[in-house]
Amino acid sequence: MTSTTTAADAAFELHAGALRLAVRPDLGGCIAGLWYRDTPILRSTEPSLLQSARLSASFPLVPYSNRLGYRKFRWKGRDYTTQPNFGDSPHSVHGIGWMRQWEVGAHSAIDVELHLDHKGDEHWPFAFQATQYFSLTPQAMLAQMVITNTSNLAQPVGLGWHPYFPKRARSRLHIELSDRWDSDAEQLPVRKVAQPGIDADVAHLDFDNGFEGWKGPARIRDEKFSLQLRSNLPYLVVYTPKDKDYFCVEPVSHVGNAIHMADPAAHGLRTLQPGESFEASMTLDVTVL
C-alpha cells in the first residue's frame, strides 16, 4: 500500500494566545496565513486550500529578491543564465526558494524551522543551504532566514520576504524613507529619486517600487489592527495595486536587479565566499484595536 501526502498533512501550525500561524513547507516554505482568532492579519488562506506560494500570505526571497534582468548575469568573469519562473515576465523573479519544497526541522507549538538544500541547477547555478525559523508569541510573529554558500565558488546573494496584507477600508501606511527607485517599461529599477517617506491611506497609493533609507518600523494600521514591521534588512519594496484587495510591504537586502548595476555591493548585493552565511530577520508586532 502506498501513502499519499495531502495538503493538510504538509501544513504546520503554530499557536500563541489568539495568534495562529500556518506554514506550507511543501509550497516554497511559505506562510499560508496569520490570523488573530478568525481575522486575517496577513492575506490568509487555510493551509489545506492553498494552491501555490504566489497566493500565500508571504513567501521567502532567496537567493535574490525582485527581478534578475533578462534571466542572465555576469559574475566574477563568467556568464550565467537562469530560467523563466514568473509567467510571461522576461526576467527571473524572486529567487528560487518559493518554487521549492522545504523540509521541516526542529519544532514546537510556538516555533518551527524549515530547511532547503539547493544543489545548483538551471534556475540558480550556485549551491546553497537555507533555513527559515518562524516563532510566535501572543503579540508577534518572528521570521529569520539564514543562507550558507555550499558551493566552491563565491556567489551573489540577497534575501527578503514577500508579505501580503489585506486591504481594508482604513488601511494606512506610515514608513520613514529617503529615496525611491523608479523603473523602466520592463519593471527594472533605473533611477533613484527623493521620497520623503510614505504616510497615506493605501487606497490613495499606487506604488510598485523599491525604497532606500528605511528607518524605524513600517507602520500598518486599519480598523482591525495596528502593525509594526521591523527587519534588519535596509531596503523595502512597496506594492499597492489599485485593483487588488491586498498590498505588499517587503523587507529586502538589495535593490532589484542590483547584479546588473555598476556597483552591486553599493546597492546591497552580498558576496558570500564558500562556507559563509548571511542572516535576515523580520518581526511583525500586532496590536488589536
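The values are calculated or read from the model by the stated rules, or taken from the named source; none is laboratory data. All figures in this text were calculated on a predicted structure; none of them were measured in a lab. For neighbour counting, all protein chains shown are included, and Cβ atoms are generated from backbone atoms with ideal geometry for every residue, glycine included.
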* Odd one out for P196 among (1) more than 16 Å from L42 (Cβ to Cβ); (2) crowded, with 19+ Cβ neighbours inside 10 Å -> (2)
* Give the residues of the stretch 163-178 that are surrounded by fewer than 17 Cβ atoms within 10 Å (Cβ to Cβ) and either part of a strand (DSSP E or B) or hydrophobic (A, V, I, L, M, F, W, C) (or both), sorted by residue number. => A169, H174, E176
* Structure fact -> L27 vs (1) out of contact with any Cys (no Cβ under 9 Å at 6 or more places or on another chain); (2) in a strand (DSSP E or B); (3) surrounded by 17 or more Cβ atoms within 10 Å (Cβ to Cβ): all pass except (2)
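To keep it simple, each residue is scored yes or no on (1) under 20 Å from G160 (Cα atoms); (2) of a type in the set (F, W, Y); (3) under 17 Å from the mean Cα position of the chain (by Cα); (4) surrounded by 14 or more Cβ atoms within 10 Å (Cβ to Cβ).
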{"position": "P217", "(1), (2), (3), (4)": "yes, no, yes, yes"}
{"position": "F225", "(1), (2), (3), (4)": "no, yes, no, yes"}
{"position": "R230", "(1), (2), (3), (4)": "yes, no, yes, yes"}
{"position": "K242", "(1), (2), (3), (4)": "no, no, no, no"}
{"position": "Y246", "(1), (2), (3), (4)": "yes, yes, yes, yes"}
{"position": "G256", "(1), (2), (3), (4)": "yes, no, yes, yes"}
{"position": "A266", "(1), (2), (3), (4)": "yes, no, no, no"}
* Structure fact -> Restricting attention to the stretch 83-104, the residues that are surrounded by 20 or more Cβ atoms within 10 Å (Cβ to Cβ) and in a helix (DSSP H, G or I) number exactly 2
* Structure fact -> Considering only strands (runs of 3 or more DSSP E) wholly within the stretch 201-273, the ones with at least 3 residues that are more than 23 Å from K72 (Cβ to Cβ) and modelled with pLDDT of 95 or more are 208-212, 215-221, 225-231, 235-239, 246-252
* Residue list for the stretch 112-126, restricted to those being touching a strand residue (DSSP E or B) at 6+ places or on another chain (Cβ under 6 Å) and either under 25 Å from E13 (Cα atoms) or of a type outside the set (F, W, Y) (or both) -> V112, E113, L114, H115, L116, D117, H118, P125
* Top-ranked residue of the stretch 56-82 - restricted to ones that are hydrophobic (A, V, I, L, M, F, W, C) and part of a loop (DSSP other than H, G, I, E, B), ranked as surrounded by the most Cβ atoms within 10 Å (Cβ to Cβ) -> A57
* Residues satisfying the stated conditions in the stretch 150-175, i.e. over 20 Å from the mean Cα position of the chain (by Cα) and over 30 Å from P274 (Cβ atoms) -> R168, A169, R170, S171, R172
* Structure fact -> Over the stretch 37-55, the set of residues among the aliphatic types (A, V, I, L, M), part of a loop (DSSP other than H, G, I, E, B) and either farther than 20 Å from D9 by Cα or free of Cβ contacts under 8 Å to residues at least 12 places away in the same chain (or both) is I41, L42
